[in-house]
């Protein structure tokens, strides 16, 4: 069997997308592990499976280890692909995701996503750790994120430090993604922030993570009253996020890299 695929990237967080394929969750898990393999497959951080049912679009996201999750970059990438290929021509539409039905906005050819509202926010999280980090928050925006504020983000060993925090018992049985942030500047309710993320399911540092950006934004909102932010990912790509009413709306880079067929 041959399937057409599309390789997408969102500031270096890369995905393989399939459109309108029917598969069981077990088959999708196997598909994700096969196509995301960087040595024997196409190579990606995650798999996007996008289906249209009636007038609705449904998105399944799987990490490279085959686990289902919510992915903000993946959601924005799927929306970008739909609009770029003129499958959707409206400036506002919806995507059904693991975290509910999310509103997509198109402005000046850029994709904006109304991100899920956090199901919990815990700032000043008292988490004992061998690194003696003290400014820690725990936020869930679709998936759980531990947010650690630091002053020397470029010197952080994200993989080993993130792996240490990922499975701490205080974070629950499934663990959490781990985000390291450095607050560069605050001007009123606007901030400039650098972020690096250890991503659960990928089990490595990824070049960007929208749910991590959004979780960090909500922590900064509660701690410092931030309502708008410019966020710089590891490779210095720029994301913009702001509160629109009570919802956080996020935009960032998207690109279709190539397309092809894979034999399964």
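The values are calculated or read from the model by the stated rules, or taken from the named source; none is laboratory data. Owing to the predicted nature of the structure, the values given are computational and were not obtained by experimental measurement. Cβ atoms come from the backbone with ideal geometry, glycine included; neighbour counts cover every protein chain shown.
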Flag if residue 63 is touching a helix residue (DSSP H, G or I) at 6+ places or on another chain (Cβ under 9 Å) and on the phi < 0 side of the Ramachandran plot: yes
All positions within the stretch 138-163 that are farther than 19 Å from residue 210 by Cα and either part of a helix (DSSP H, G or I) or not assigned by TED's automatic domain parsing to the domain that holds residue 126 (or both): 154, 155, 160, 161, 163
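If we scan the stretch 37-45, do we find a residue that is surrounded by 22 or more Cβ atoms within 10 Å (Cβ to Cβ), closer than 14 Å to residue 19 by Cβ, without any contact (Cβ under 8 Å) to a residue 60 or more places away in the chain and touching a helix residue (DSSP H, G or I) at 6+ places or on another chain (Cβ under 6 Å)?
To start, the set of residues in the stretch 37-45 that are surrounded by 22 or more Cβ atoms within 10 Å (Cβ to Cβ) comprises 44-45.
Narrowing further to those that are closer than 14 Å to residue 19 by Cβ: none.
So far as the stretch 37-45 goes, no, none of its residues is surrounded by 22 or more Cβ atoms within 10 Å (Cβ to Cβ), closer than 14 Å to residue 19 by Cβ, without any contact (Cβ under 8 Å) to a residue 60 or more places away in the chain and touching a helix residue (DSSP H, G or I) at 6+ places or on another chain (Cβ under 6 Å).
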Strands (runs of 3 or more DSSP E) completely within the stretch 20-137 that count 2 or more residues being under 17 Å from residue 250 (Cα atoms): 92-97, 100-107, 110-114
Listing of strands (runs of 3 or more DSSP E) fully contained in the stretch 164-264 that carry 2 or more residues being in contact (Cβ under 8 Å) with a residue 60 or more places away in the chain and more than 16 Å from the chain's Cα centre (by Cα): 255-263
Residue 126 vs. criteria on the phi < 0 side of the Ramachandran plot and not assigned by TED's automatic domain parsing to the domain that holds residue 76: yes
Residue satisfying condition, being under 21 Å from residue 46 (Cβ atoms) and surrounded by 14 or more Cβ atoms within 10 Å (Cβ to Cβ), within set 264, 250, 243, 183: 250
The listed residue being in contact with a helix residue (DSSP H, G or I) (Cβ under 6 Å, 6 or more places away or on another chain) and buried (at least 17 other Cβ atoms within 10 Å of the Cβ), out of 147, 153, 136: 147
From the options 57, 133, residue that is outside the structural domain of residue 159 (by TED's automatic domain parsing) and over 24 Å from residue 263 (Cα atoms): 57
Residue check, residue 60 surrounded by 13 or more Cβ atoms within 10 Å (Cβ to Cβ) and closer than 29 Å to residue 245 by Cβ: yes
